[in-house]
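Quick notes on the structure that follows.
The values are calculated or read from the model by the stated rules, or taken from the named source; none is laboratory data. All values derive from a computational prediction rather than experimental measurement. All Cβ positions, even for glycine, are placed from backbone atoms using ideal geometry, and neighbour counts span all protein chains on display.
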C-alpha cells in the first residue's frame with residue numbers, strides 16, 4: 001500500500017511559487033532581449049552613418065587627386081581651375097576641373113561640393129569643362145551641421161578662399177575638409193593635390 005505523502009502531488013502554494021519564478025525569468029529575458037535589439041539597431045544606424053562618411057570622403061579624395069589645371073569656360077571668359085568659396089549659398093564651396101578617371105569611364109569635367117539648405121553635402125557635376133549647361137546635383141552625405149574647406153598655399157599657410165591674390169598660385173598644395181555632423185562628430189580630412 002502506498003503512503004498518502006507519496007501520492008499527494010504539488011500544493012497550490014508550490015505551483016504559485018513556480019509560476020512567480022517563471023514569470024520573473026520571462027520579464028528579465030524580455031528586457032534583456034529588448035536591450036539587445038535596441039543596441040543592434042543603434043549599431044546598425046552608426047555603421048550606416050560611418051559607411052556614408054567613408055564613401056563621401058573616398059569620393060572627394062578621388063576627385064581631388066584628379067584636379068586638373070584647366071580653366072572653366074564661361075560665356076564671359078573663364079573661371080580659375082579651382083575656386084574655394086568660404087560661405088557659398090547658391091554655388092558650391094569647392095569647385096574645380098578634374099581629369100578623367102583612370103578607368104576611362106568619365107570625361108574631364110568640372111565638379112563641385114557644397115552644403116545645401118537641407119544640411120546635405122551635394123556633389124555638383126557639370127557635363128564638361130564649360131558652363132553652357134547647368135550642373136546635375138546629387139546629395140552625398142546627409143545630416144551635416146557644418147562644412148568648412150581650407151586651402152594650403154605655396155607659403156604653407158591655410159586660407160579660407162581660393163584663388164589667392166598671387167597669379168602663379170593656380171592650384172593649392174592641399175585641401176582640408178572639416179565637417180561637423182548633426183550628431184556632434186567633428187571630422188577633419190586633408191587631401192594633398194597631385195603636382
*Somewhere in the stretch 165-174, is a residue over 16 Å from residue 60 (Cα atoms) and either modelled with pLDDT of 95 or more or in a strand (DSSP E or B) (or both)?*
no
*So which residues in the stretch 123-142 are out of contact with any strand residue (DSSP E or B) (no Cβ under 6 Å at 6 or more places or on another chain) and modelled with pLDDT of 90 or more, if there are any at all?*
142
*Any chance the stretch 140-152 includes a residue that's without any contact (Cβ under 8 Å) to a residue 24 or more places away in the chain, surrounded by 13 or more Cβ atoms within 10 Å (Cβ to Cβ) and either out of contact with any helix residue (DSSP H, G or I) (no Cβ under 7 Å at 6 or more places or on another chain) or closer than 22 Å to residue 56 by Cβ (or both)?*
no
